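So the structure is just underneath, and the comments pick up after that.
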Amino acid sequence: MCGIVGYIGNEQAAPILLDGLEKLEYRGYDSAGLAVYDGTDIRVMKATGRLKVLSELSHGGAMLPGCAGIGHTRWATHGMPSDTNAHPHFNKDESIVVVHNGIIENYLKLKKLLETRGYQFVSQTDTEVVAHLLDYYYQGDPMEAIVKVMQRVEGSYALGILFKDHPEEMYAVRKDSPLIVGKCAHGSIIASDVPAVLKYTRDVFFIQNEEIVRLEKENIAFFNIDKEEIQKESTRIEWDVNAAEKGGYEHFMLKEINEQPKAVRDTLNPRIKDGRIVIEELGMTPEEVAAIRKIYVVACGSAYHTGVTAKYVFEGLARIPVEVDLASEFRYRNPILDEGTMVIIVSQSGETADSLAALREAKKHPGVRVLGIVNVVGSSIAREADHVMYTWAGPEIAVATTKAYSTQLIAFYLLAIRFAQDRGKLSEAEAGNLIKELQRLPEQIEMLLANKERIQRFANRYVAAREIFFIGRGIDYAISLEGSLKLKEISYIHSEAYAAGELKHGTISLIEEGTLVTALLTQEDLYKKMISNIVEVQTRGAFVLAVTNVGNTEIEKASDYVIYIPKTNPYFTNSLAVIPLQIFSYYVAIGKGCDVDKPRNLAKSVTVE
Ligand code: F6R
């Protein structure tokens, strides 16, 4: 979702802005723009479409000379993608310029008010309201105007702002939209996310809600909403710069699929000590764990799907009732949150607007513990949760999640085993066996990855498919949900996932000659039931791709194509079965010529409702 980069320093700003925006391309966008102060005026250039259009238009930034500038990639919310709606946005005399991430919820009211005061709007965006409102309040003191605007706007924002009559300064402020700041040898920089600044600095400041930043060439100062200067600690980013580069792979998604063994190991190994699970960061005693009466897992998209798996694992191992909720539903449905409830918010980015709102809703209730399972260190969800368990997937750039999803599953397995032990539901020996199975997962994922050509060949046959179904029971239903989402989001082929037992209640009418049905059969106790479901769809003409455990060879009689996964504990099969489904989706999308890393209409970090 929208990307912001800003720079003030000794170097030419525009090339730095373009470079930073390129690193944020993964967030998803449909237009881009730059504003640079050239010593006399602020000059703006915008272009609909990919960043390279803007780069060509501005001759790699050379057409916009100057050492202070802000840049933006826009993911349209208010108003179509167009040059006019693209950011940056000016005030009326082009002396103030703004880039914005987030949504100004009361923009219509503010727009009407500003119109009655003679302001004219050229775009359909909510952001333009901010530019005019700043103009309205500006009396020569940028900070004063910014504070007044903060008091008037409702919603979420990360803003980068330049004032023509303060050419040695750049301003930034945020509420509920991420923003970071860094100081490098030749200047100061702001951005929506770490990859944009890594080339220049590894020490970044995470801006908190309602903090204002004044950046100068040599200096960065932070203020609260009362304009009092505050001190902030920087965070050292330890990632290898290459982690945010493609590293020889054709796409980030393929690279990240291949990084899963490492991501799983990195998330798992530090939490296993002497054959026991130690989750130090949880900070809960066994008595506190034993007192949990109910768990809600709340998340969006693929992160929600890990919650569906977690329900089976927690209920099965720890015997704690689990409800899984979509964050966008949970936040408005007045859930019953009483003493003894734990709410687990799962998020790769840690910035998903609905998940963050669900977290805040949960925190309003006394006696409720909120645990965040988060990948991005220092993100809003990580900061606001009572407890944080990080997934160590490293930066995930492709819009469609793969390695973050896999590490979220690992976090859940670890928690479920630990909770089961603390509640006396699992002996030391049983837990030990499960841990051994967990430790084999990275190697088993490697085996599946080594076999990707076979899946690639199969995928090539389905490039022209109109729709594809995924079916499974129990944990296999959870895998089906993820397999189906992965396929549809990057290949644009319509796809549905069904609990296999539900087929007869409507969906089976969609099956016709040649329809591909991907059947998941990793749960041995449900194997026979699944065979019956497969026969039902085959009888109606479906072509059945079965994904099952190695050794289940009799499935070859009942299906048309089989992918075997190595044997593991039934609770952990999702970690293996999802790999061929990711590979399948990737190659179908490639075969169709889709932009797999940046699928249409999607954003990596969904920071608006
Ligand atoms: C799908 C995908 C999304 C995210 C969802 C939540 O491949 O990536 O469905 O899982 O937008 O995002 P996070 O985990 O950042 O909260």
| query | Can you find a residue in segment 467-477 that is within 16 Å of the ligand (Cβ to nearest atom), small (Gly, Ala, Ser) and farther than 20 Å from residue 560 by Cβ? | reply | no
| message | Being under 28 Å from residue 430 (Cα atoms) and either among the hydrophobic types (A, V, I, L, M, F, W, C) or surrounded by fewer than 17 Cβ atoms within 10 Å (Cβ to Cβ) (or both) is the requirement here; does residue 545 meet it? | response | no
| query | touching a Lys or Arg at 6+ places or on another chain (Cβ under 8 Å), buried (at least 19 other Cβ atoms within 10 Å of the Cβ) and in contact (Cβ under 8 Å) with a residue 40 or more places away in the chain, is that true of residue 61? | reply | no
| query | Pick from segment 344-353 the residues that are free of Cβ contacts under 8 Å to residues at least 60 places away in the same chain and among the small types (Gly, Ala, Ser): which of them is nearest to the ligand (Cβ to nearest atom)? | reply | 347
| query | What strands (runs of 3 or more DSSP E) completely inside segment 112-226 contain at least 1 residues that are free of Cβ contacts under 8 Å to residues at least 60 places away in the same chain? | reply | 157-163, 170-175, 180-184, 203-206, 211-215, 220-223
| query | With respect to residue 316, is the statement that it is part of a helix (DSSP H, G or I), over 17 Å from the mean Cα position of the chain (by Cα) and among the small types (Gly, Ala, Ser) true? | reply | yes
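Could you tell me whether segment 304-326 includes any residue that is within 25 Å of residue 210 (Cβ to Cβ), within 16 Å of the ligand (Cβ to nearest atom) and either modelled with pLDDT under 95 or crowded, with 16+ Cβ neighbours inside 10 Å (or both)? Break it down stepwise before answering.
Applying the first criterion (within 25 Å of residue 210 (Cβ to Cβ)) to segment 304-326 yields none.
Looking for residues that are within 25 Å of residue 210 (Cβ to Cβ), within 16 Å of the ligand (Cβ to nearest atom) and either modelled with pLDDT under 95 or crowded, with 16+ Cβ neighbours inside 10 Å (or both), one finds none in segment 304-326, hence no.
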| Members of segment 156-182 found to be crowded, with 21+ Cβ neighbours inside 10 Å and either of a type outside the set (A, V, I, L, M, F, W, C) or within 19 Å of residue 15 (Cβ to Cβ) (or both), listed by number | 156, 157, 160, 162, 170, 171, 174, 176, 177, 178, 182
| task | Within segment 486-511, work out how many residues are of a type outside the set (Val, Ile, Thr), part of a helix (DSSP H, G or I) and touching a strand residue (DSSP E or B) at 6+ places or on another chain (Cβ under 8 Å). | result | 5
| Do you know which residues across segment 182-197 are closer than 12 Å to residue 159 by Cα and at pLDDT 95 or above? | 190, 191
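Taking the options 285, 341, name whichever one is farther than 28 Å from residue 573 by Cβ, more than 16 Å from the ligand (Cβ to nearest atom), of a type in the set (Ser, Thr, Tyr) and crowded, with 20+ Cβ neighbours inside 10 Å. First the steps, then the outcome.
Working: 285 fails: crowded, with 20+ Cβ neighbours inside 10 Å.
So the residue among 285, 341 that is farther than 28 Å from residue 573 by Cβ, more than 16 Å from the ligand (Cβ to nearest atom), of a type in the set (Ser, Thr, Tyr) and crowded, with 20+ Cβ neighbours inside 10 Å is 341.
The values are calculated or read from the model by the stated rules, or taken from the named source; none is laboratory data. Keep in mind it's a predicted model, so treat the numbers as computed, not measured. Cβ sites come from the backbone with ideal geometry, for glycine too, and all protein chains shown count toward neighbours.
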